[in-house]
Amino acid sequence: MTVAYQGWPGAYSDAAARARFHDADTRGFPTFEAAVGAAASGEAQAAVIPVRNSTTGGVAGSSEAVALGVALGLVRGPDYVMPVRHALLARPGVALGDVRVVRSHPQALAQTARWIARRLPDARAEPAEDTAGAARDLDAPDVAAVAHASAAARYGLAILANGIEDEPDNATTFAVLVADGVSRKAEADSDLPT
């Protein structure tokens with residue numbers, strides 16, 4: 001089974017897809033619509049889309065992608081809620097005091113804004129398409145990324161700080177969209193993880 005998500009490997013949506021569908025392969029797409037389209041076309045059998053964060057609210061563009069998926073014949077299963085723990089990542093050898101720019105998805109930047117303001121008062125935030133992409137594309141020694149700690153190993157980065165989310169119970173709700181045949185098979189075989 002292949003599960004589509006928006007972003008690069010190591011994104012929170014990738015982690016949610018892996019947690020929700022334990023034995024599945026995951027595949028990233030550039031947009032929510034592309035991930036949903038992959039599930040609707042049969043390129044994937046499901047899509048996992050972040051729809052709401054407990055700290056920052058709705059995720060821009062996600063409700064439209066979920067509606068598109070349903071219109072294309074996907075079945076919305078039970079939502080999946082995942083705790084979100086952010087880390088500040090940089091190139092090896094970079095110290096916290098060296099950071100002047102922090103990049104990440106706007107949601108992640110908003111979820112860590114107070115921490116960044118306290119610990120890096122002179123740093124400016126720059127939005128990126130997704131958290132893992134921000135980590136993957138670190139291009140200078142004074143730039144850091146807010147992403148999942150697992151992105152550090154994936155992209156050869158150092159963890160400058162972990163647990164930097166402003167709210168300790170920060171969590172994201174993901175809509176789970178599955179192809180109708182997969183949904184019916186899961187109901188019959190009870191093999192779709194909950």
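Structure above, values below:
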read-out: Gain in span if fully extended, residue 100 to residue 117, counting 0.36 nm per residue against the direct Cα distance; value: 5.0 nm
read-out: Alpha-carbon Rg/Rh ratio, for the chain, with Rh computed the Kirkwood way; value: 1.01
read-out: For segment 19-130, fraction of C-alpha pairs farther apart than 17 Å, in %; value: 63
read-out: Portion, in percent, of the accessible area of segment 1-155 that falls on carbon or sulfur, probe 1.4 Å; value: 53
read-out: Convex hull per residue volume in Å³, alpha carbons only, for segment 1-55; value: 72
read-out: Net length gained if the chain between residue 22 and residue 34 were fully extended (0.36 nm per residue, minus Cα distance); value: 2.1 nm
read-out: Relative contact order, percent, segment 11-149 [alpha-carbon distance under 8 Å, six or more residues apart]; value: 26
read-out: Helix-only mean residue ellipticity at 222 nm for the chain, each DSSP H run of n ≥ 4 adding -39500 (n - 2.57), per residue, nearest 500; value: -9000 deg cm²/dmol
read-out: In degrees, nearest ten, helix 62-71 long axis to first principal axis of the chain (Cα); value: 10
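The values are calculated or read from the model by the stated rules, or taken from the named source; none is laboratory data. This is a predicted model, so every value here is computed, not measured. Accessible surface areas use protein heavy atoms only, side chains included; no ligands, DNA or RNA. Shrake-Rupley method; radii C 1.70, N 1.55, O 1.52, S 1.80 Å.
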